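Report on the structure given below.
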Amino acid sequence: MSKSHFIWGTATSSYQIEGAVREGGRGVSIWDTFCQEPGRILDGSDGSVACDHYHRFQEDVKLIADLGCNGYRFSLSWPRILPDGTGKINPEGIAFYNRLIDTLLEHGITPFVTLYHWDLPQNCKYGWLNRETAKAFGEYAKICFDAFGDRVHNWMTLNESWCSAVLGYGLDVFAPGIQDSHLPYIAAHNLLLAHGFAVQKFRAGGYPGEIGIANNCDWREPLTCDPQDLEASERALQFFYGWYTDPLFTGEYPELMRSRLGKRLPEFSADEKKMLIGSTDFLGLNHYTSSYASGYPPQNAGSEVVGNGGLSDDQDVYLIPIPGAEKTDMNWAIVPWGLRKLLNWIAKRYKNTPIYITENGCAAPEPDEESAKNDIMRQKYLRDYIAEAMKAKNEDKVDLRGYFCWTLMDNFEWTSGYMRHFGLVRCTPEKLDRIPKGSYYTYKNIIKNNG
């Protein structure tokens, strides 16, 4: 495999690493507000400082370069560019990202830019329940294309829309913190329209490069060959990845979802369908774990029904832990073969559209610096998952174009605060020194050996 034809990178997001939330003209995001609600964040923290990337991006880029990466996936902060969500552009925000992009290019690193990684401007009234937010996103996207499109040729519109819709508007876990069984379908619909509006602006403007979307999905292995288990597995995948991807190819939600939800699932107009069909040049995949899926109630106390992949009552799938699988510090099962199976499922369903693994990584318990430097679990996780991804690429002929490890350094991990460690580099809120871990060097060797 030629390194020049495969992207090896790391991934981050603006709110999780930048800090400087009240500097450089940045406006308020829904996560700034959410973090101030008592009990929302495990350690009571927020992203006000995070990894201080806003001030220290140059040394962070050097870490990426020293890894041997030829790609870096990061997100732009909408409220840093448009403090009120719409209207007046913040020149300091544009200037910051110009400096970051130029520094990456100086080090031979290709920028892969995500337009939205959950930090919605607080002033976007009613959030993703409002179609006007989708329209505003299109205008924001055009501002970004105009400002950075001469150097950025790889774009992603949205990151993990499932999390935004289900965790934010259904399960009361993520910002803005709403619990409802119907609203996730409204939020998802507007997120898809936002993607469409942004791509429409991109293509109408004739900007160079490609644009896609980063959707997340866990693999759902049928518990048995029983037809009900096979159907449950497929149903879970369609309620998860298919929900946010089918419309980009067909202009419709999965028929399986439509048949179960009926009028609860919004419909796209003829013009919206036309806008969405063919609106992605590649597919991003954020993947971490797998489980068994069954159409029958579990027979043991260790099994449970969870809402991962859609609202649990609607998808009617029983998810069962895979026996013997080691767990990460997020309590996610480590199942490398699930990644290969999922890549093949996506390739088959979407006509082998190019795929980038836009996130994959492991949270490991690291109570001190020594344990962080010897993160054996993460090292093995990376070796095993990447090996399965390469089998999908080289043996199964999946059109896999790149792999981005989540994440460059320990950061603000949403509702876990700073208590969950995914980073290749140690960085704590008490001491913001960048200390490469064992997995940093393991990943560096993987890149070298595949280059």
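Per-structure values
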| quantity | calculated |
| --- | --- |
| Probe 1.4 Å, protein heavy atoms only - accessible area per residue of the chain in square angstrom | 37 Å² |
| Coordinate range along principal axes, alpha carbons of segment 230-377, Å, largest first | 58, 39, 24 |
| Added length on full extension, which subtracts the Cα-Cα distance from 0.36 nm per residue, His182 to Lys273 | 30.6 nm |
| Globularity ratio of segment 80-228, using Cα Rg and 2.2 N^0.38 Å | 1.17 |
| Lysines whose Cα lies under 28 Å from that of Lys348, excluding same-chain neighbours fewer than 8 positions away | Lys3, Lys273, Lys274, Lys391, Lys393, Lys397 |
| Inter-label distance, nm, simple model (7 Å from Cα along the C-beta direction), Thr33/Lys88 | 2.1 nm |
| The chain: calculated mean residue ellipticity at 222 nm from DSSP helix runs of at least 4, using -39500 (n - 2.57) | -11000 deg cm²/dmol |
| Pair Glu369, Arg264: separation of 7 Å Cα→Cβ label points (nm) | 5.3 nm |
| Theoretical gain in end-to-end length, Lys327 to Arg22 [0.36 nm per residue, Cα-Cα removed] | 106.1 nm |
| Pair-distance profile P(r), taking every C-alpha pair of segment 295-451, with 5 angstrom steps and integer % | 2, 8, 15, 17, 17, 17, 13, 8, 3, 1, 0 |
| Percent carbon-and-sulfur accessible area, the chain, ignoring ligands, DNA and RNA, probe 1.4 Å | 50 percent |
| Euclidean distance of C-alpha centroids, segment 152-187 and segment 341-356, integer Å | 23 Å |
| Mean Kyte hydropathy of -0.5 or more with a Cα span along the axis of at least 30 Å, helices from DSSP in the chain | 183-204 |
| Volume of the Cα convex hull of the chain, divided per residue and given in Å³ | 134 Å³ |
| Hydrodynamic radius by Kirkwood, which averages 1/r over all alpha carbon pairs of segment 175-309, in angstrom | 16.6 Å |
| Kirkwood Rh (inverse of mean 1/r, distinct Cα pairs), segment 367-447, angstrom | 13.7 Å |
| Dipole moment magnitude, nearest 20 debye, the chain about Cα centre, only Lys, Arg, Asp, Glu C-beta charged | 1140 debye |
| Whole-number percent relative contact order across segment 61-167, with pairs defined as alpha carbons under 8 Å at least 6 apart | 33 percent |
| Pair Lys380, Tyr296: separation of 7 Å Cα→Cβ label points (nm) | 3.2 nm |
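The values are calculated or read from the model by the stated rules, or taken from the named source; none is laboratory data. This is a predicted model, so every value here is computed, not measured. Ideal geometry is used to build each Cβ from the backbone, glycine not excepted, and the neighbour counts take in all protein chains shown. Accessible surface areas use protein heavy atoms only, side chains included; no ligands, DNA or RNA. Shrake-Rupley method; radii C 1.70, N 1.55, O 1.52, S 1.80 Å.
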